[in-house]
1. Can you list the HN-Hα couplings for the stretch 156-170, worked out from phi with the Karplus curve (6.51, -1.76, 1.60; θ = phi - 60°), rounded to whole Hz and with x for Gly and Pro?
2. If you average 1/r over all unlike Cα pairs in the stretch 108-178 and invert the result, what Kirkwood radius do you get in angstrom?
3. Tell me which residues come under 5 Å, amide H to amide H, from LEU80 once H is placed; ignore anything under 5 positions away on its chain.
4. Report in % the part of the accessible area of the stretch 108-190 that belongs to carbon and sulfur, leaving out ligands and nucleic acids; probe 1.4 Å.
5. Counting only protein heavy atoms and a 1.4 Å probe, tell me what percentage of the stretch 22-95's accessible area is made up of carbon and sulfur.
6. Just how many % of Cα pairs in the stretch 83-217 lie over 18 Å apart, if you round to the nearest whole percent?
7. Once you put a point 7 Å from the Cα of ASP245 and another 7 Å from the Cα of ASP307, both along the Cβ direction, what distance in nm separates them?
8. Going from the alpha-carbon gyration tensor of the stretch 56-117, what semi-axes, largest first and in whole Å, does one get by taking the root of 5 times each eigenvalue?
Amino acid sequence: MRETPLSNCERQFLVQAIAEKKRLDGRQTYDYRNIKITFGTDYGCCIVDLGKTRVLAQISCELVAPKMNRPTEGILFFNLELSQMASPAFEPGRQSELVVKLNRLLERCLRNSKCIDTESLCVVSGEKVWQIRVDLHLLNHDGNIMDAASIAAITALCHFRRPDVSIQGEDVTVYTPEERDPVPLSIHHMPICVSFSFFQQGTYLLVDPSEREERVMDGLLVIAMNKHREICTIQSSGGIMLLKDQVLRCSKIASVKVTEISELIQKALENDKKVRKEGGKFGFAESMPNQRITAYKMEVAPVDTGDIGKKAEDLISNTEPPSEIIPSPVVRAPGTGQIGEGLQNSWGLDENEDGEEAEDQTMEEELQTMDVKVKSVNKEDPIVLSDSEEEDVVVLEPKIMKKEVKVQASSTAASKKKKKKKPAH
């Protein structure tokens, strides 16, 4: 799955913000993101958080045969994996160009710089040496993978302890941590990578680019340096031409950043060593913040019940006594009820109900007047039927109706006489 490309508006916005010396996360031009180092329960396991970029490092070792051209030196092996968990843009099953480039840069930074004494890893010359394997897993990708991976690798190597070994004749004995204390690796210096991104053909420079800034950048410069200001490796990518002054300025910035990161690593290692020596809790589970909504145990707040009696007496003494005036009922008229002077209606009737009762009384009075009018109407007067003022008025005249009834009666009698005369023929 390919990553979602940036739109032209986003690109213009990012470049314009960088030109104004502003970054999306509020950092300055030469600022690093927050670095957090946590160690696992086993030696040689750590997680490094560089902002939201997270890398897990795990060190392992085994006894193997040495290389033919270097029989007295141990073997260092580095493996960096980019999983889909870190970003959907990473494809599983095959190594991309980015993975190959990062692995080569790690080997140049840590192996070729001779930061680890590989001769101290030799057990029997030409027969058995220690192979140190450094596995790096990218857990979350938010830019600048190289810096986070180099910090995680060198921190895990400093934290790692290999088993102790004894040789008696041709027998090689490997002791467990319970039998003998593990032995740390012999590390001469700590090389750390610092990444610089360039924009608009080297016009603008940023330290520790984020994932969005990496999409917009024109070139990248990676400098691996230790705290003694010794450059271990340097690599430029992107196809931009850099001046000598730009490279020198980047090296000065890298020396300051490497010194700060080295001090942070040393403090983290000292704190972990102190906690393990004192027998305290350590590991990833203890370093995670407790952000659970529910908990198995609820903290009980201490309640002081010693002076409850005094507090109760103070409350009773401070309260006002009830009023001795009792309102007397006042009856205004028979059939009404009221308590006290000027109070509301005590019958529990709302104003709407009172209004409805008044309307019912007016309706009854209107119906009585209508009955009186109907009784006073004469039989000969025309009858007017009307439900409302808007409907048409129908008038029925009784005189016309009587004439029509007489005409119909005479016609029916004549038809009967004709029927009686027909049988005579």
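1. Ordered by residue, 3J(HN,Hα) equals 5, 5, 5, 8, 6, 10, 8, x, 7, 10, 10, 10, 10, x, 9 Hz.
2. This gives a value of 14.8 Å.
3. LEU136
4. 41 percent
5. Accessible surface attributable to carbon and sulfur in the stretch 22-95 totals 49 percent.
6. The proportion of pairs with Cα distances above 18 Å equals 66 percent.
7. Simple spin-label model gives 7.5 nm for this pair.
8. 28, 13, 11
The values are calculated or read from the model by the stated rules, or taken from the named source; none is laboratory data. Worth saying up front: this structure is predicted, and the values here are computed from it rather than measured. Note that we place each Cβ from the backbone using ideal geometry, even for glycine, and neighbour counts take in every protein chain shown. Accessible surface is based on the protein model in full, side chains and every heavy atom, while ligands, DNA and RNA are left aside. Shrake-Rupley method; radii C 1.70, N 1.55, O 1.52, S 1.80 Å.
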